[in-house]
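Input: a single structure, listed below in structure tokens.
The values are calculated or read from the model by the stated rules, or taken from the named source; none is laboratory data. Small disclaimer: the values here were computed from a predicted structure and weren't measured. No Cβ is skipped: glycine too gets one built from the backbone with ideal geometry, and neighbour counts run over all protein chains shown. In case anyone asks, the SASA skips ligands and DNA or RNA and just uses the protein heavy atoms, side chains included. Shrake-Rupley method; radii C 1.70, N 1.55, O 1.52, S 1.80 Å.
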Amino acid sequence: MQSRLAWITLCIIVVSACSKSPEPLNTEQTPAVSLKAEPQPHITTSPPQTTETSVATMAPEIDTTNEAIPDNVTGVTAELQATHSPRNAIETARNSTVFIDTGFGSGSGFFLNEQCTVVTNRHVVQLSYKDMKDMKYRQQQVDTYLAEGVATRDQRSELQKEKIFLDKAVQSFNPSGMAKNITVSLVNGREIAAKVQGISQTLDLAYLYLKDTGCPAMTVNPDNNLPLGDKVFTIGNPAGMKYTVTAGIVSGYQEHEGLNFLQTDAAINPGNSGGPLIDEQGRLVGVNTMILRGTEGIGFAIPIESVQLDYTEQEPKMSKLLASAEITLWEPRVNKEKISDEQKTKPILADALQNCLLEFDAEQWVAAAEDCEYAAAQNNAQAQFILAELLYPNADKQTVKRATALYEASAAAGYAEAIYQMAEFRAEGTHVKKNQELALDLRQEACEKKLAAACNAVAVHFIRRQAYAESLSYLDSAIDHGSVLARVNKGYMLTNGLGTEKDPINALELYRAAAMLGSNIAQYQMFWHNYKGIDMEKDYTQALIWLKVSETDKQVDEDYVEGWDRDIPANTRFFIERLLSNDQKTAASAEAKNLKRKIAKNAEQHRVEHLYQRQVKAPEQASNRTAL
């Protein structure tokens, strides 16, 4: 055996604090930083594999059939025997073992006496200065990764989980590294608040006080020199799997920096820290504390005789503390603050939804599908709609069927864009039974939720039925919510005096505003006003400029407006060009190019500002999509 071993303390939380790039994390363990304890431990990346064995087959059985609890058995011992009557010596020791939660990690311990003194490792309840620095550094590191963005949704998801843990963990200890709140859990699940009663100055040991009575003290093996090869067992809570038992043998006795340790190949895994090492009769032989870095099957426990000597040294000081007001006036309360499943998934869902929207709006379809799938699976209505939009153009019938189901689910949850889509299906009889009245009702509902396209659609419905007052009201709502086409429709009503007095000046301003936001119908109107001199002087050059813009700056939604043909500007251009010289036509072409660039910028800015229910900033170079 080398004079100085590479040791590692059984850390109660397991994610490295010094990784330089976000890696996928182990989802089966609570993420955080690796914690160390004396003597000079190192981080391990491959703890020994746990060998789990049925406790019913590892030790001599105890006949508990119809056995009544003796009158002299009271308190916690009687409580546990009533619910977890031990069937063998190992299960008797199990009842004396506890699970310890500090907020920044977890570990194990056991009852040393009937007065409910719990023995555990010091590093379970107190962080070193370096541990605290590492944890806070890792918290900053995770925040930076999330702020800057990482490659995959899985990485973001794991980092979000780690952030939830770290935000809670860094608030769980005081400046000395001591846990602010300690909760001890019994084998029956009952939780008891605990207080640190003493800390060993030489060993990795801590003693906890519980305000309870009649605890099942662990029986101690009087032999402090077990033969090599004797069978031993560990009881603990590795990776949160409470009261796991592993078996092995006494492998040897080792000395490190003046301290003695019992070596065993019984699997000692993270979470076993502070738990008991026992013999076949369930008697205590040591306190699990360390494993040898880079190896399997080499673990170490503090021998029970060392624990007893240390406790005897600490007892006067601890007895004094028990008599002080700090303990006598202490009202133990279990810290019930737990991280719920909803708390865990909420930030992950928000992150997935944000990326779903950003990627969809930037037309990054493959990336959007991954994030939208996750958010839609969490029943987020907006993500369900976006995912349906991605799937619906697919020619595969099953995919279209799924997209329709997503539209329906999103609409049922009250999401306006999905409601509007279902209205279109009802109006056309696509995938559902045709029903115009229901289609109108759905459009009105979507408009009430401030969806601009729906408000414009309702307004057009009332124009066709010559209900002009209602139409004007819906057009105003549509304009307020960002509809470009509603400006054209209102301009049409003001031009013709429908439901109001004729107002050609305001109609022209509406056409101009819509034209500058990308409406090619409005751009054609600007051509017509310049060509005919309607409410302005005739200007054939300006007319040709607007005609060229209208011909090339085509909006998809306006392809479906009644009476409009996207070829109209091109067919008209041949007539207007006869009225101009070559120089005028050349100048008009150059000006049209400049105007189109300006319009494109305006239209994109307007689109981004009026994306429905977007709480995120869209990419600066997102491709131009149809204005409402």
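Before moving on, here are some points about what is shown:
- Extreme residue, nearest to Leu547 (Cα to Cα), among residues of the range 480-498 that are of a type in the set (Gly, Ala, Ser) and surrounded by 19 or more Cβ atoms within 10 Å (Cβ to Cβ): Gly491
- When Glu558, Glu509, Glu501 are checked against the criterion of being touching a helix residue (DSSP H, G or I) at 6+ places or on another chain (Cβ under 9 Å), open to solvent by less than 50 Å² (accessible area, probe 1.4 Å) and either at pLDDT 95 or above or under 30 Å from Gln466 (Cα atoms) (or both), Glu558 stands alone in meeting it.
- Criterion applied to Glu470, Glu417, Glu408 was being under 28 Å from Gln378 (Cβ atoms), touching a helix residue (DSSP H, G or I) at 6+ places or on another chain (Cβ under 9 Å) and open to solvent by 50 Å² or more (accessible area, probe 1.4 Å), and the one residue passing it is Glu408.
- Residue within the range 361-374 that is at pLDDT 90 or above, assigned to a helix (DSSP H, G or I) and either of a type in the set (Asp, Glu) or closer than 24 Å to Lys449 by Cβ (or both) present: yes
- Out of Ile268, Ile278, Ile298, sole residue that is under 26 Å from Gln126 (Cβ atoms), among the hydrophobic types (A, V, I, L, M, F, W, C), modelled with pLDDT under 85 and surrounded by 19 or more Cβ atoms within 10 Å (Cβ to Cβ): Ile268
- Residues that are closer than 19 Å to Val334 by Cβ and touching a helix residue (DSSP H, G or I) at 6+ places or on another chain (Cβ under 9 Å) within the range 173-188 comprise Phe173, Met178, Ala179, Ile182, Leu186, Val187, Asn188, listed in sequence order.
- Test: residue in the range 403-423 that is more than 22 Å from Ala478 (Cα to Cα), part of a loop (DSSP other than H, G, I, E, B), small (Gly, Ala, Ser) and within 25 Å of the chain's Cα centre (by Cα): yes
- Contact map, the range 453-472: residues that are closer than 26 Å to Arg607 by Cα paired with residues that are among the basic types (Lys, Arg) and open to solvent by 30 Å² or more (accessible area, probe 1.4 Å), Cβ distance under 6 Å, separation 6+ or inter-chain. Pairs shown: Ala454/Arg443; Ala457/Arg443; Val458/Arg443.
- Selection status of Leu329, open to solvent by 10 Å² or more (accessible area, probe 1.4 Å) and at pLDDT 85 or above: no
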